[in-house]
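The values are calculated or read from the model by the stated rules, or taken from the named source; none is laboratory data. Worth saying up front: this structure is predicted, and the values here are computed from it rather than measured. Here the Cβ is made from the backbone with ideal geometry for all residues, glycine too, and neighbour counts use every protein chain on show.
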Amino acid sequence: MIFKNNISIKKYNSFKVDHKIKKFYRIQSKEEMIKVKKSISKNEKIIILGGGSNILFTKNFNGSILYNNILGKEIIKETKKNIYIKFGAGENWDKSVEFCVKNKWYGIENLSLIPGSVGAAPIQNIGAYGTEIKDYIYEVSGINLSNGKSQIYENKLCNFSYRNSIFKRKLKNIFFITHVTIKLSKSKKLNLSYNEVKKYFRNKKSNEITIDNVRKKIIEIRESKLPDPKKLGNCGSFFKNPLVDFYFFNNLKNKYPDIIAFKNSNGIKISAAWLIEKCGWKGYKKDNIGVYKNHALVLVNYGSNNGKKIFKLSEKIKESVNEKFNIILENEVNIF
């Protein structure tokens, strides 16, 4: 365990804002977390932090940051059809995807290049290009900080939904994830449903349609649309795609025939990026913050140390979308 007092959070968040943290604990094992739990006072504020790629700090934090740095990976079970890999929650997500792809274990290759840690994946129920991690989570292990007890949540107990889970709602900053076990297929199963991916592989020979090439194409698509957080501060998609009913959508489509939307079992998901772009925000830049020129869903930090400025921009965007379309955008990023 590594402990620090009154440090800057700048290098621990992908927005690169520079606010102060009263107490910072780097947790490297389950046993360390149990020990730290005993040293934290009952009423002390806590933030559990992984890769810092889905959080916006807007002020100094007068509490404890529990930085998850639990590493390691192991195969815990194998059948004729499937492989079960247990990852430490502090492992880098994309490196873990790369590991699975190299071993020809199928399922999460479409989630390549998503920033953050393995432990953040089930919290956010990360998803991209037709794939969601909920379909591959076998179980999530960790420590309940309210009572100090170890617990395991099987997939069905995680209450996964669109960019959501029990860990983001009821157990937010209460359940410290130590390990995530993922169940993947040993036989070839590729998801080519995303339009851009489908078009690319449509005329390819069967020996070219491989897990390695799918990963390469996903990375190519992401890099063409999204800024590298190492070079430009951002948290990827700032807002969720709003879900509306068919009646509301049809009325909107009559007015805006070019609207971008996707069918869902519960209704229609409208592209938040399309809504924001229609309100004129794409490419906006002022006071060292802005909206990315290639993707309106991504707010970017060009050098500001103040997260509150980014938050105020997000609120202005939400107000304009609501005024124009009568739709309230919901943040995908956690705000502190």
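Results, tabulated for the structure shown:
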read-out: Condition broken by SER187, with the remaining ones in (1) surrounded by 12 or more Cβ atoms within 10 Å (Cβ to Cβ); (2) under 24 Å from ILE108 (Cα atoms); (3) touching a residue at least 24 places away in the same chain (Cβ under 8 Å) satisfied; value: (1)
read-out: Unique match (being in contact (Cβ under 8 Å) with a residue 40 or more places away in the chain, more than 24 Å from LYS230 (Cβ to Cβ) and surrounded by fewer than 16 Cβ atoms within 10 Å (Cβ to Cβ)) among LYS38, LYS30, LYS23; value: LYS38
read-out: Qualifying residue in segment 268-278 (condition: among the acidic types (Asp, Glu), farther than 20 Å from THR58 by Cβ and at pLDDT 95 or above); value: yes
read-out: Failed criterion for ASN305 (all others in (1) farther than 24 Å from LEU49 by Cβ; (2) in a loop (DSSP other than H, G, I, E, B); (3) of a type outside the set (Phe, Trp, Tyr) hold); value: (1)
read-out: Matching residues in segment 146-167 - criterion: being crowded, with 20+ Cβ neighbours inside 10 Å and either touching a Leu at 6+ places or on another chain (Cβ under 6 Å) or within 18 Å of LEU66 (Cα to Cα) (or both); value: PHE167
read-out: In segment 87-101, the residues that are outside any loop (DSSP other than H, G, I, E, B) and either crowded, with 18+ Cβ neighbours inside 10 Å or without any contact (Cβ under 8 Å) to a residue 60 or more places away in the chain (or both); value: PHE87, GLY88, ASN92, TRP93, ASP94, LYS95, SER96, VAL97, PHE99, CYS100, VAL101
read-out: Within segment 146-162, tally of residues that are outside any strand (DSSP E or B) and modelled with pLDDT under 95; value: 4
read-out: Sole residue being part of a helix (DSSP H, G or I), in contact with a Lys or Arg (Cβ under 6 Å, 6 or more places away or on another chain), touching a residue at least 12 places away in the same chain (Cβ under 8 Å) and not aliphatic (A, V, I, L, M), chosen from TYR138, TYR200; value: TYR200
read-out: Conditions (1) part of a loop (DSSP other than H, G, I, E, B); (2) surrounded by fewer than 21 Cβ atoms within 10 Å (Cβ to Cβ); number of the one not met by LEU329; value: (2)
read-out: Residue match in segment 109-124 (condition: surrounded by fewer than 24 Cβ atoms within 10 Å (Cβ to Cβ), out of contact with any Ser or Thr (no Cβ under 9 Å at 6 or more places or on another chain) and on the phi > 0 side of the Ramachandran plot); value: yes
read-out: Residues (more than 18 Å from the chain's Cα centre (by Cα), buried (at least 18 other Cβ atoms within 10 Å of the Cβ) and part of a helix (DSSP H, G or I)) located in segment 216-251; value: LYS217, PHE249
read-out: Members of segment 130-145 found to be surrounded by 21 or more Cβ atoms within 10 Å (Cβ to Cβ) and under 22 Å from LEU297 (Cβ atoms), listed by number; value: ILE133
